[in-house]
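The values are calculated or read from the model by the stated rules, or taken from the named source; none is laboratory data. Everything numeric in this text was worked out from a predicted model, so none of it was measured. Neighbour counts are summed over all protein chains in view; Cβ atoms, including those assigned to glycine, are modelled from backbone coordinates with ideal geometry. The area values use the complete protein model at the heavy-atom level, side chains included, leaving out ligands, DNA and RNA. Shrake-Rupley method; radii C 1.70, N 1.55, O 1.52, S 1.80 Å.
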Amino acid sequence: MLVRLTALAFVLLAVSCHNPQTETKSHPMNAGVQYQQLTNFGDANLGLLSDKLTNTANKSVHIVQLGDSHTAADFFTGELRNLFQRQFDNGGIGFVNPVAVPGQRYSHIMFSHDKKAWNILSSRKDKSDYFPLGGFIAEPTAAQSNVSMKLRTADAQPYQAQALYAAQSDSQFALNSNSVSLPATSGQWRLSPPQQVSFPLSATFSSGQGVKLGGWFITREKPGVIVSALGINGATLSMVDKWQSQWIDTLAQTKPDMIILAYGTNEAFNDTLDLTRYQQQLEQKVAQLRQAMPQAVILLVGPSDSIKNKNQSGCQQMQPQLLSQIVEIQRQVAQNNKALFWDWRAFMGGECSIQNWAADGNARPDLVHLSQDGYKKSADAMYQQLMHGLGLVPGIWARGLPTRLVQ
């Protein structure tokens, strides 16, 4: 058994005093070791990620989470972003949508645009063979289609911004009044050349040039941690099959050091889901990510607890029929592929625990989604466990407290 760290309040206070050069580090946890709800099934890149995090003074670390509405709200990932950046410095915004998309939000950046000047397509509800990484397309429909971005917390630091775009012919757009060339992409999606910018940002595209916008990748010139949230409301893992196969190549270009797959809630609500096929799809996606990004840690986050049939009397009857099977399939796939698995439902307390979370104000009345506090509580727990798994006890630096995990 692993010795759990006590004095959590002291740990959280110490986060703000981080000095990466004085941090004491233990070894990442061994394959098969479980720390609370987090299990490492032998991810060989765990030590590499640990070393990178302790050297963010020289190079940024990029963490990407793909998922459903739990990710799209950016409460869970927003808290992860806060924790990582507080401990290891702010590396930038990461990958975000092309414009403001209804039902989507970010905790660190805000969009504004004239809705009449853009046509927005979503891979959840629209048909297209052209969806890129992230699953959204914004097409300019006016002579001057503008999108503005500003940070929720002002920051005067310089940034590097790249547009994910597709262009039928050589084109250009204006970024903070500077002209940026967009070479033709031959039907593919491409990241534009990086441009040094400062916030707020203003980008202007023109209709008639055959340009489509798929998103933005924005990093700080100063190294640190970047956390990108790629969530779509109502999404299942199969959503990415509607994206061009090139989406994995685009993701690889952003150089992720950890990829988090956080699907499962919507699969669990589908009573007709073919579980065998679902496991095959998940195995395939993990294998594709491994092949394209062989040095990235892969973490599967199991679905949170939820209630489907509120009018039923027994817990088993209230739960989504396939929820337990989805959790176990994800655990098995993580084991088969030597990845990490975090059992969100177990952290909440197991079957029907979301009722208690709702009573405490940590879940919404729909008994599917959590409140902002509930997502924060969940992200805090996964972060603490991940830091232990990486051999980095969060918030403790040369203060005489034990940082090595004892098995």
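Quick notes
- Summing +1 for each Lys or Arg and -1 for each Asp or Glu among the other residues whose beta-carbon sits under 11 angstrom from that of Leu164 gives +2.
- Chain lengthening between Ala346 and Gln372 when straightened (0.36 nm per residue, less Cα-Cα): 7.4 nm
- Take the Cβ atoms of Gln291 and Gln188, set R0 to 25 Å, and the FRET efficiency comes out at 0.85.
- Using the Stokes-Einstein relation with a Kirkwood hydrodynamic radius computed over Cα pairs, the translational diffusion coefficient of segment 102-248 at 4 °C and a viscosity of 1.567 mPa s comes to 81 µm²/s.
- For Cys315, the solvent-accessible surface computed with a 1.4 Å probe is close to 40 Å², ligands and nucleic acids excluded.
- Between Asn58 and Asn178, the contour length at 0.36 nm per residue exceeds the alpha carbon distance by 40.3 nm.
- Set Lys242/Lys376; Lys115/Lys242; Lys116/Lys212; Lys310/Lys377; Lys59/Lys285 screened for pairs whose C-alpha atoms are more than 19 Å apart: Lys242/Lys376; Lys115/Lys242; Lys310/Lys377; Lys59/Lys285
- Using C-alpha pairs under 8 Å with a sequence gap of at least 6, the mean separation divided by the residue count of segment 48-187 gives a relative contact order of 17 percent.
- Label-reachable residues, segment 92-132, where backbone N falls under 15 Å from a point 7 Å from Lys255's Cα toward its Cβ: 92-95
- Spin-label pair Asn119-Asn30: with each label point 7 Å from Cα along the Cα-Cβ axis, the two points sit 6.0 nm from one another.
- Shape call, segment 87-128: gyration tensor on alpha carbons, a/c limit 1.5: prolate
- Value at 222 nm in deg cm²/dmol, rounded to 500, when DSSP H runs of n ≥ 4 in the chain each add -39,500 (n - 2.57): -7500 deg cm²/dmol
- What the pair-distance distribution of segment 173-212 shows, using all Cα-Cα distances binned every 5 Å from zero, is 5, 19, 30, 26, 13, 6, 1 percent.
- About the Cα centre, charge dipole magnitude for the chain (Lys/Arg +1, Asp/Glu -1 at Cβ), debye: 460 debye
- Share of pairwise Cα separations in segment 245-335, more than 21 Å, in percent: 40 percent
- Relative contact order of the chain, pairs being alpha-carbon contacts under 8 Å that are 6 or more residues apart, as %: 26 percent
- Length added when fully stretched, Asp51-Gln168, from 0.36 nm per residue minus Cα-Cα: 37.9 nm
- Of all DSSP beta bridges confined to the chain, the antiparallel ones make up roughly 70%.
- Among Asp271, Asp74, Asp257: highest mean-square fluctuation, GNM of the chain, C-alpha pairs under 10 Å: Asp271
- Three-way shape label, segment 185-265, alpha-carbon gyration tensor, a/c 1.5: oblate
- All lysines inside 22 Å of Lys52 as judged from Cα atoms, apart from same-chain residues fewer than 8 positions distant: Lys25, Lys222, Lys255, Lys338
- Within the chain, the percentage of alpha carbon pairs spaced more than 36 angstrom apart rounds to 25%.
- q = 0.12, 0.26 Å⁻¹, segment 294-375: log10 I(q)/I(0) [Debye, one scatterer per Cα]: -0.38, -1.20
- Span from the segment 80-146 Cα centroid across to the segment 266-298 one, whole angstrom: 24 Å
- GNM on the chain, alpha-carbon springs under 10 angstrom: the most fluctuating residue among Gln37, Gln157, Gln335 is Gln157.
- Structural descriptor for segment 225-297: relative contact order 46 percent, calculated from alpha carbon pairs under 8 angstrom and at least 6 residues apart.
- Spin-label model, Glu283/Gln195: points 7 Å from Cα along the beta carbon direction are separated by 4.6 nm.
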